[in-house]
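Trainee: Can you keep this structure in mind? I'll have questions shortly.
Just so you know, all these numbers are worked out from the coordinates, no wet-lab data involved. Quick caveat, the model's predicted, so the values are computed rather than measured. Because the Cβ atoms are built from the backbone with ideal geometry, glycine has one as well, and the counts that use them run over all protein chains shown.
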Amino acid sequence: KQEVTQIPAALSVPEGENLVLNCSFTDSAIYNLQWFRQDPGKGLTSLLLIQSSQREQTSGRLNASLDKSSGRSTLYIAASQPGDSATYLCAAPGGATNKLIFGTGTLLAVQP
Amino acid sequence: DVKVTQSSRYLVKRTGEKVFLECVQDMDHENMFWYRQDPGLGLRLIYFSYDVKMKEKGDIPEGYSVSREKKERFSLILESASTNQTSMYLCASSTGQYYGYTFGSGTRLTVV
């Protein structure tokens with residue numbers, strides 16, 4: 001059964017710092033992994049989708065990597081800004097339905 | 001960009017009421033999903049649909065039903081609302097298992 005874990009649960013950094021968010025999954029037979037951002041009380045915004053054949057995907061200051069063999073993905077945020085403050089969720093397919101299984105997220109606070 | 005629209009941002013209903021949550025997507029996606037999100041439990045899949053008039057149970061279908069009469073619309077129905085169904089409800093759509101999910105902005109439902 002797919003389980004997705006995110007560490008740390010919360011992170012506070014000063015503005016301008018580079019940071020890494022971690023995601024691990026138990027079933028490596030996945031065809032993709034997706035990272036989302038969620039602002040308080042809002043829906044999920046897709047940040048990056050990495051296919052199983054890819055090692056990493058980049059969008060602006062964001063870079064996500066995927067290592068299926070170790071069951072890990074990381075989201076790297078360069079030069080963090082206060083506007084990056086949000087909850088970041090990763091999700092991988094799995095379970096009886098092979099639909100997206102979510103981690104519980106990392107709450108990021110970037111201090112000005 | 002794909003747009004997933006949830007008709008209500010906030011709803012307050014009484015125990016025992018029949019509640020309809022509506023979701024509409026504008027990009028002809030085959031797959032649609034309903035999740036609920038609770039603190040400490042993350043996102044959990046309630047129901048999903050592969051096509052018009054088709055539905056599949058997710059991980060927590062008890063107390064819910066769904067309707068998909070048109071491809072673009074997926075409705076979640078609480079037959080008799082209870083206080084333990086107070087939650088954030090999130091709708092998503094996808095065009096296939098190799099593609100990412102797009103989420104709506106969420107409906108915060110409070111059952112009193």
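Trainee: Considering Cα pairs under 8 angstrom that are at least six residues apart, work out the relative contact order of chain A and quote it in whole percent.
Mentor: Here the relative contact order equals 37 percent.
Trainee: Nearest 20 debye, what's the magnitude of the dipole of the stretch A:42-92 about its Cα centre given +1 on Lys and Arg Cβ and -1 on Asp and Glu Cβ?
Mentor: Details: 5 positive and 3 negative charges, 13 e Å.
Using only the charged Cβ atoms, the result is roughly 60 debye.
Trainee: Cα-Cα pairs above 19 Å in chain B: how many percent?
Mentor: Result: 39 percent of Cα pairs exceed 19 Å.
Trainee: Follow-up. May I ask for the net charge around B:Q97, where only other residues with Cβ less than 13 Å from the Cβ of B:Q97 are counted and Lys, Arg are +1 while Asp, Glu are -1?
Mentor: Charge balance near B:Q97 sits at 0.
Trainee: Order by neighbour count: A:V110, A:V4, B:V52, A:V13, fewest other Cβ atoms within 10 Å first, most last.
Mentor: B:V52, A:V13, A:V110, A:V4
Trainee: Would you work out the charge dipole size for chain B about its Cα centre, treating the Cβ of every Lys and Arg as +1 and the Cβ of every Asp and Glu as -1, and quote it to the nearest 20 debye? Walk me through the intermediate numbers first.
Mentor: On the way: 15 positive and 14 negative charges, 65 e Å.
Dipole of chain B, to the nearest 20 debye: 320 debye.
Trainee: Here's something else I'd like to know. How big is the stretch A:1-88 on each of its three principal axes, counting only the C-alpha atoms and giving the largest first in Å?
Mentor: 36, 25, 21
Trainee: Oh, and also: Estimate the FRET efficiency between A:S52 and B:E30 by the formula 1/(1 + (r/R0)^6), using the beta-carbon distance for r and 22 Å for R0, to the nearest 0.05.
Mentor: Efficiency, rounded to the nearest 0.05: 0.60.
Trainee: Lys/Arg Cβ at +1, Asp/Glu Cβ at -1, dipole of the stretch A:1-74 taken about the Cα centre: which of A:G60, A:Y31, A:P8 is farthest positive-ward?
Mentor: The residue sitting farthest along the positive end of the dipole is A:Y31.
Trainee: Sorting B:R14, B:R68, B:R9 on the 10 Å Cβ count, fewest up front, what's the list?
Mentor: B:R14, B:R9, B:R68
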